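Here the structure is laid out as structure tokens; the discussion comes afterwards.
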């Protein structure tokens, strides 16, 4: 059973998205409360859409712009993971 082309484009543009990874990880490194991981996930989704749009504008992928909605949703979900990884790997704040 093969995946539909649109779903394949969304999966590849989301899982191999440098914007999602970098935004999630670096936002996670700077959050001070675990509740803010959701905000980092949203930022990862936005960064993922910008990176996928850049790839489309440069002609490096043949996906059409309707895949960006799915890229945003999947990048937000993956952004939770990357933001959490950044959050748990940050240095503990120094106590005075």
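Across segment 1-53, what is the total count of residues that are assigned to a helix (DSSP H, G or I) and over 14 Å from the mean Cα position of the chain (by Cα)?
10
Tell me, yes or no, whether segment 48-64 has at least one residue that is under 27 Å from residue 91 (Cβ atoms) and modelled with pLDDT under 95.
yes
Can you name the residue in segment 47-80 that is touching a helix residue (DSSP H, G or I) at 6+ places or on another chain (Cβ under 6 Å) and in contact (Cβ under 8 Å) with a residue 60 or more places away in the chain and is also surrounded by the most Cβ atoms within 10 Å (Cβ to Cβ) among such residues?
In this case the residue turns out to be 75.
In segment 20-36, what residues are touching a residue at least 24 places away in the same chain (Cβ under 8 Å) and surrounded by fewer than 24 Cβ atoms within 10 Å (Cβ to Cβ)?
Answer for segment 20-36, where residues must be touching a residue at least 24 places away in the same chain (Cβ under 8 Å) and surrounded by fewer than 24 Cβ atoms within 10 Å (Cβ to Cβ): 21, 22, 25, 26, 27, 29, 30, 31, 32, 34.
The values are calculated or read from the model by the stated rules, or taken from the named source; none is laboratory data. The structure displayed is predicted, hence computed values, not measured ones. Neighbour counts run over all protein chains shown; Cβ positions are idealised from the backbone, glycine included.
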